[in-house]
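The values are calculated or read from the model by the stated rules, or taken from the named source; none is laboratory data. None of these values were measured; they are calculated from a predicted model. Glycine also receives a Cβ, built like all others from the backbone with ideal geometry; neighbour counts cover every protein chain displayed. Ligands, DNA and RNA are excluded from the accessible area calculation, which covers all protein heavy atoms including side chains. Shrake-Rupley method; radii C 1.70, N 1.55, O 1.52, S 1.80 Å.
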Amino acid sequence: MGVLNVTPDSFSDGGRFSSLDTAITQAEHMIESGVDIIDIGGESTRPGAPPVPVEEELKRVMPVIYALRDAGKPLSIDTRRPEVMREAIEAGADMINDINGFRAEGSLRLLRDSDCALCIMHMQGEPQTMQQAPHYVDVFGEVSHFLMQRCEEALASGISRQRLCIDPGFGFGKTLDHNLTLLSRLGEMQSVVGMPLLAGLSRKSMIGKLTGKPAAERVAGSLAAVLFAVQQGARIVRVHDVADTVDALAVWQAASSAAQRNTERLTQ
């Protein structure tokens, strides 16, 4: 999943793709690089970010959706507002990626009669304050429980299981230790919750804290995190650097397949 932020203030690439022309050019570049899903976001949810009015979010994302809906790749819309979800679905969006876990009043009811996919993410608190003092007694248990509850709520509202995936929400109300605990147990979480898992680790502050690098120089660290997440069973990885990630995964998958064939040969 390639990140397409059409915002002036996102933590990694704020302002770079905020015009329609630059957004389309970036989407075309991601498609050429082998992207599978394009995730369009019109509101920065970096730590400390103020909320954006609904009208402004719609103004940012809707022209991009209309421009890319026939580009041949599924479009995911990164939003927590039912008003934006409704307009995006009507315009042809294929997935709604909600950092708020579809807790906004009416969001699940709105999505029930569509056929788009839903990504349910965990976030402790709100973007403006979530990183001030994150606290958990058991981060794995609490995040897994939240995701299970939200999945159950979606199923109860009439949304089919095949439309759902989960995201533990790296960096959304979590310390470095919380993030590392969740990353190390992704496979277990996917099994416990019983849904395919999306991992969004690209260029995040946890990578910066581990490497000492600013956001623009976190490609190598992000690739390491992505490969570990895939090894743990993540089904979707949300990234800024599509070409580098596609290459890294191609090598990793080829080596993994060769290792598997060798193991099978030795055990025959």
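Considering only residues in segment 141-152 that are open to solvent by less than 50 Å² (accessible area, probe 1.4 Å) and either of a type in the set (Val, Ile, Thr) or touching a helix residue (DSSP H, G or I) at 6+ places or on another chain (Cβ under 6 Å) (or both), the one that is farthest from Thr45 (Cα to Cα) turns out to be Ser144. When each of Leu111, Leu155 is tested for being modelled with pLDDT of 95 or more, crowded, with 22+ Cβ neighbours inside 10 Å and outside any loop (DSSP other than H, G, I, E, B), the lone residue that passes is Leu111.
The residue that is most open to solvent (accessible area, probe 1.4 Å), counting only those in segment 130-140 that are among the aliphatic types (A, V, I, L, M) and at pLDDT 95 or above, is Val137.
Does segment 96-107 contain at least one residue that is part of a helix (DSSP H, G or I) and either open to solvent by 40 Å² or more (accessible area, probe 1.4 Å) or in contact with an Asp or Glu (Cβ under 9 Å, 6 or more places away or on another chain) (or both)?
We begin by selecting, within segment 96-107, every residue part of a helix (DSSP H, G or I); these are 107.
Filter again for either open to solvent by 40 Å² or more (accessible area, probe 1.4 Å) or in contact with an Asp or Glu (Cβ under 9 Å, 6 or more places away or on another chain) (or both), leaving 107.
Yes, some residue in segment 96-107 is part of a helix (DSSP H, G or I) and either open to solvent by 40 Å² or more (accessible area, probe 1.4 Å) or in contact with an Asp or Glu (Cβ under 9 Å, 6 or more places away or on another chain) (or both).
Of all residues in segment 65-77, those satisfying the criterion of being open to solvent by less than 20 Å² (accessible area, probe 1.4 Å) and either closer than 14 Å to Ile96 by Cα or among the small types (Gly, Ala, Ser) (or both) are Ile65, Leu75, Ser76, Ile77.
Got a number for residues in segment 222-237 being in a helix (DSSP H, G or I) and open to solvent by 20 Å² or more (accessible area, probe 1.4 Å)? The total comes to 6. Out of the residues in segment 187-207 that are in contact with a helix residue (DSSP H, G or I) (Cβ under 7 Å, 6 or more places away or on another chain) and farther than 18 Å from Met1 by Cα, which is most open to solvent (accessible area, probe 1.4 Å)? Residue satisfying both the conditions and the ranking: Val192. Out of the residues in segment 127-152 that are part of a loop (DSSP other than H, G, I, E, B) and closer than 25 Å to Ser76 by Cβ, state the one that is nearest to the chain's Cα centre (by Cα). Only one residue tops the list, namely Pro127. Of all residues in segment 158-186, exactly one satisfies the criterion of being more than 19 Å from the chain's Cα centre (by Cα) and either among the hydrophobic types (A, V, I, L, M, F, W, C) or surrounded by 14 or more Cβ atoms within 10 Å (Cβ to Cβ) (or both), namely Ile159. Within segment 17-59, which residues are charged (D, E, K, R) and under 19 Å from the mean Cα position of the chain (by Cα)? Once the filter is applied, which keeps residues that are charged (D, E, K, R) and under 19 Å from the mean Cα position of the chain (by Cα), segment 17-59 yields Asp36, Asp39, Glu43, Arg46, Glu57. (1) surrounded by 14 or more Cβ atoms within 10 Å (Cβ to Cβ); (2) modelled with pLDDT under 95; (3) over 30 Å from Glu217 (Cβ atoms): which one isn't true of Gly125, the others all being true? If we test Gly125 against (1) surrounded by 14 or more Cβ atoms within 10 Å (Cβ to Cβ); (2) modelled with pLDDT under 95; (3) over 30 Å from Glu217 (Cβ atoms), just (3) comes out false. Among the residues making up segment 15-56, those that are among the β-branched types (Val, Ile, Thr) and outside any loop (DSSP other than H, G, I, E, B) are Thr22, Ile24, Thr25, Ile31, Ile38, Ile40, Val54. Do we have any residue at all in segment 239-253 that's assigned to a loop (DSSP other than H, G, I, E, B), on the phi < 0 side of the Ramachandran plot, open to solvent by 40 Å² or more (accessible area, probe 1.4 Å) and not aromatic (Phe, Trp, Tyr)? Scanning segment 239-253, I find no residue that is assigned to a loop (DSSP other than H, G, I, E, B), on the phi < 0 side of the Ramachandran plot, open to solvent by 40 Å² or more (accessible area, probe 1.4 Å) and not aromatic (Phe, Trp, Tyr), so the answer is no. For the structure I just gave you, tell me whether Lys213 is closer than 23 Å to Ala243 by Cα, open to solvent by 30 Å² or more (accessible area, probe 1.4 Å), free of Cβ contacts under 8 Å to residues at least 40 places away in the same chain and among the basic types (Lys, Arg). Criteria met by Lys213. For Met62, the conditions (1) assigned to a loop (DSSP other than H, G, I, E, B); (2) surrounded by fewer than 21 Cβ atoms within 10 Å (Cβ to Cβ) are fulfilled apart from (1).
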